[in-house]
Amino acid sequence: DPTTGTYNVEKIRRERPENITASEWDKYNEFWNDPRNIARAAQNRQNRAKSTVISRQRSRSLARLRDEMEEVYVTQPERFIQQGNSEKVYKLTKALYGLRQAPQAWNVKLDQTLKSLDFKKCNLEQAVYTKRSKTSTLIVGVYVDDLIITGTPKKEIDLFKS
């Protein structure tokens, strides 16, 4: 009663599980028992697979990053100073220092490049970028130094890869 603030509570008697003979889930099972429905579902999956192309592209950017990496110099260790060359420093080769610098530099460069191409970084997964328009969708997944590219139509993927 809304005026008194009291409510009537009725207990509902539930059947014991062994007394239940059917449920709504049986309709779901009946759907999959019909061969026509299985064929339709398989055709729908096949159509979706045809409309989506997945491409894996090995990144060639690491070679270009070597030019962009900064040069690093270190002083000679105290116990290994060469006589007559104590004022000289060592220049770390890019191959040695690149082991630490390359992944971060590559990620920064890739992030800047994809954002300049109007890709948006996924909020939930930092390694996924998406680009949507009225006629196409492109999704780029980054895994270490590989790019996994998918979307529709295929010519948009080919254009992105070129």
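HN-Hα J couplings of segment 124-130 from phi, Karplus 6.51/-1.76/1.60, θ = phi - 60°, integer Hz, Gly and Pro as x?
8, 10, 5, 9, 10, 10, 10
Taking amide hydrogens as modeled 1.01 Å from N in the peptide plane, which residues meet the under 5 Å criterion relative to Phe119, leaving out close sequence neighbours?
Sorted by chain and number, the residues that satisfy this come to none at all.
For Thr137, list long-range residues whose amide hydrogen, built 1.01 Å from N in the peptide plane, is under 5 Å from its own amide hydrogen.
Thr152
So which of Lys121/Lys154; Lys109/Lys161; Lys131/Lys154 end up more than 19 Å apart by C-alpha?
Over 19 Å Cα-Cα: Lys121/Lys154.
Of Arg79, Arg40, how do they rank once you tally other Cβ atoms within 10 Å and put the fewest first?
So the ranking, lowest neighbour count to highest, is Arg79, Arg40.
Read the figures in this text as sums done on the coordinates, not as results from a lab. In this text, all values refer to a predicted model and were calculated from it rather than measured experimentally. Counting neighbours? That spans all protein chains shown, and the Cβs are built from the backbone with ideal geometry, glycine included.
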